[in-house]
Amino acid sequence: MKKTCFALAGALVLFSAAARPTQQAAKPAAPAIPVRYEELTAPEFVQAVARSGATCVIPLGILEKHGPHLPLGTDLIDCREVSLRAAAEEYTIVFPPYFVGQIFEAKHQPGTIAYGSRMLLDFLQQTCDELARNGIRKIILVNGHGGNDSLLRYFCQSQLETRRDYAVYLFDPAYDAATEARLAKLRKTTLDGHAGEEETSVMLAHHPDLVHLDRAGAESGEDVKRLAGLKYAYTGIWWYAGQPNHYRGDGSAGDKEFGKALLEAESGLLVEMIRSVKKDTVTLELQKRFFDDAAKPLETKPFIKK
Ligand SMILES: [Zn+2]
């Protein structure tokens, strides 16, 4: 099929060139190269770094229970889908499946892989360092797992610990009012957050073979509020206190159309983010200035707005 298309396209180019000999032939499009890091050859990787504007997306998932009806790798599978869709529209390199993250709160459930806290930071830092050693200057973290939220913000803050010649950006999507309203119309449940309506819908939209909708009601995803008496306090056991089944919401409300809308909305924002990161020169410039000053803080001049 592909070969036929190429042959036909070639014939059309020849025909139009013959018909309009004075016009310049269209510049041939650069050959397609994979977006998936692991599929690139080494020479293609060199091209990919240039074509991506030295950017790379790391979609971060986890291995944890997702109710009685979704796969352990739900977050990983979903955030890779969002990243691959965005990369197909705005070229960037997509890092291989990354399942090292914060998931201590699900250690009581089967299948959880919960690496140690220091290892999580070291592994991500060394991954970024290695990407930078290979020419990547802008690393985009796309988080698919709620348990990583604090870790990844801390990781971004910790990038100021020592001088680096690359920048880390965390995808931080926020929908506009129109998108929120469109999604709200499709949403059926009010309690959600883990393996509920949203995640089940997204998986139904792109990997329905991995969803066992008939099992979604086999466990309760209610918030049982076992720490309701605690005021103005955060404690690590909060999630287990509310969600002992590591399930929040009702996956049986999952719907393919809602999932399609969620995937489109999120990947659309990621496309915008990738474009803005490619254009961004300020972050690296400010990082450099910051590290210069941090090396000699007594010589730091007052900032004067020009
Ligand atoms: Zn999840």
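Could you check region 161-172 and list, in sequence order, the residues that are in a loop (DSSP other than H, G, I, E, B) and in contact with a Leu (Cβ under 7 Å, 6 or more places away or on another chain)? Give the derivation first.
First, pick out the residues of region 161-172 that are in a loop (DSSP other than H, G, I, E, B): 161-166, 171-172.
171, the sole residue that qualifies.
Among the residues of region 243-253, are any free of Cβ contacts under 8 Å to residues at least 24 places away in the same chain and either farther than 14 Å from residue 191 by Cβ or more than 22 Å from the chain's Cα centre (by Cα) (or both)?
Step one: of region 243-253, the residues free of Cβ contacts under 8 Å to residues at least 24 places away in the same chain are 244.
Cutting the leftovers down to either farther than 14 Å from residue 191 by Cβ or more than 22 Å from the chain's Cα centre (by Cα) (or both) gives us 244.
Scanning region 243-253, I find at least one residue that is free of Cβ contacts under 8 Å to residues at least 24 places away in the same chain and either farther than 14 Å from residue 191 by Cβ or more than 22 Å from the chain's Cα centre (by Cα) (or both), so the answer is yes.
Pull up region 204-220, narrow it to residues that are within 20 Å of residue 81 (Cα to Cα) and more than 16 Å from the ligand (Cβ to nearest atom), then point me to the one that is least open to solvent (accessible area, probe 1.4 Å).
If we filter region 204-220 for residues that are within 20 Å of residue 81 (Cα to Cα), which is where we start, we get 204-212.
Filter again for more than 16 Å from the ligand (Cβ to nearest atom), leaving 208-209.
Values: 208: 73, 209: 106 Å².
It comes out as 208.
How about region 148-183: which of its residues are over 30 Å from residue 290 (Cβ atoms) and open to solvent by less than 60 Å² (accessible area, probe 1.4 Å)?
At the first step, the residues of region 148-183 found to be over 30 Å from residue 290 (Cβ atoms) are 175-183.
Within region 148-183, 179, 181, 183 qualify.
Of the residues in region 82-101, how many are more than 13 Å from the ligand (Cβ to nearest atom) and either modelled with pLDDT under 95 or open to solvent by 20 Å² or more (accessible area, probe 1.4 Å) (or both)? Walk me through it before giving the result.
Residues of region 82-101 more than 13 Å from the ligand (Cβ to nearest atom): 83-98, 100.
Subset that is either modelled with pLDDT under 95 or open to solvent by 20 Å² or more (accessible area, probe 1.4 Å) (or both): 84-85, 88-91, 95-97.
Residues in region 82-101 being more than 13 Å from the ligand (Cβ to nearest atom) and either modelled with pLDDT under 95 or open to solvent by 20 Å² or more (accessible area, probe 1.4 Å) (or both): 9 in total.
Restricted to region 277-292, and to residues that are in contact (Cβ under 8 Å) with a residue 12 or more places away in the chain and not basic (Lys, Arg), which residue is nearest to residue 90 (Cα to Cα)?
Among those residues, the one meeting the criterion is 277.
Taking the options 201, 158, 150, name whichever one is more than 23 Å from residue 72 (Cα to Cα), part of a helix (DSSP H, G or I) and either of a type in the set (Ser, Thr, Tyr) or within 16 Å of the ligand (Cβ to nearest atom) (or both). Let's see the steps before the verdict.
Numbers: 201 fails: more than 23 Å from residue 72 (Cα to Cα); 150 fails: more than 23 Å from residue 72 (Cα to Cα).
From the options 201, 158, 150, the qualifying one is 158.
Determine whether region 197-205 contains at least one residue that is without any contact (Cβ under 8 Å) to a residue 60 or more places away in the chain and within 24 Å of residue 67 (Cβ to Cβ). Steps first, answer last, please.
At the first step, the residues of region 197-205 found to be without any contact (Cβ under 8 Å) to a residue 60 or more places away in the chain are 204-205.
Next, only the ones that are within 24 Å of residue 67 (Cβ to Cβ) stay: 204-205.
Yes, because at least one residue in region 197-205 is without any contact (Cβ under 8 Å) to a residue 60 or more places away in the chain and within 24 Å of residue 67 (Cβ to Cβ).
The values are calculated or read from the model by the stated rules, or taken from the named source; none is laboratory data. Note that the coordinates shown come from a computational prediction; the quantities given were computed from them, not determined experimentally. Don't worry about glycine lacking a Cβ; one is built from the backbone with ideal geometry, like all the others, and counts go over all protein chains shown. Please note that ligands, DNA and RNA were not included when accessible areas were found on the heavy atoms of the full protein model with its side chains. Shrake-Rupley method; radii C 1.70, N 1.55, O 1.52, S 1.80 Å.
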